[in-house]
1. Within segment 49-66, does at least one residue satisfy the condition of being at pLDDT 65 or above and among the hydroxyl-bearing types (Ser, Thr, Tyr)?
2. Of everything in segment 12-28, what is surrounded by fewer than 10 Cβ atoms within 10 Å (Cβ to Cβ) and among the hydrophobic types (A, V, I, L, M, F, W, C)? Give them in sequence order.
3. Looking at segment 35-48, is at least one residue part of a helix (DSSP H, G or I), surrounded by 13 or more Cβ atoms within 10 Å (Cβ to Cβ) and not small (Gly, Ala, Ser)?
4. Regarding GLY96, is this residue loosely packed, with under 10 Cβ neighbours inside 10 Å and at pLDDT below 95?
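The values are calculated or read from the model by the stated rules, or taken from the named source; none is laboratory data. Just so it is clear, the model here is predicted, and its values are computed rather than measured. Note that we place each Cβ from the backbone using ideal geometry, even for glycine, and neighbour counts take in every protein chain shown.
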Amino acid sequence: MRSQTFLHWSGFSPSVKGSVYSGLAHASDWGVTLVAALGYEAKANPGEPDLDGKNLWPALLSGGASPRTEMLLSLRDVGQCALGGGKIFANCTHPGQLAYRKGA
């Protein structure tokens, strides 16, 4: 699965400018990554669970490997497919199934 994202920054090295990053990335990584690009570290508030996102900024700067090695792509609980009265959503043909990716 591929997604399009465009990053522009004058600080990218010539070897990275105009390139396509093939590392594994998830939507939850962008908040952590953009905070790191601004020079800060994203942290959960005290008492909250750790953040799900991974900091991709070092990998994007160098064109190196992604720190993300696995990803849950889809998860739909059986109960989330049912409307009141037991009617199933039309687009929920496989309730209770998921997709998981591990490795590159």
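1. Here is the first cut: in segment 49-66, the ones at pLDDT 65 or above are 49-66.
Narrowing further to those that are among the hydroxyl-bearing types (Ser, Thr, Tyr): 62, 66.
Yes, segment 49-66 contains at least one residue that is at pLDDT 65 or above and among the hydroxyl-bearing types (Ser, Thr, Tyr).
2. VAL20
3. Filtering segment 35-48 down to residues part of a helix (DSSP H, G or I) leaves 35-37.
Cutting the leftovers down to surrounded by 13 or more Cβ atoms within 10 Å (Cβ to Cβ) gives us 35-37.
Keeping just the survivors that are not small (Gly, Ala, Ser) gives 35.
Yes: segment 35-48 contains one or more residues that are part of a helix (DSSP H, G or I), surrounded by 13 or more Cβ atoms within 10 Å (Cβ to Cβ) and not small (Gly, Ala, Ser).
4. On the way: loosely packed, with under 10 Cβ neighbours inside 10 Å: no; at pLDDT below 95: yes.
When the stated conditions are applied, GLY96 does not pass them.
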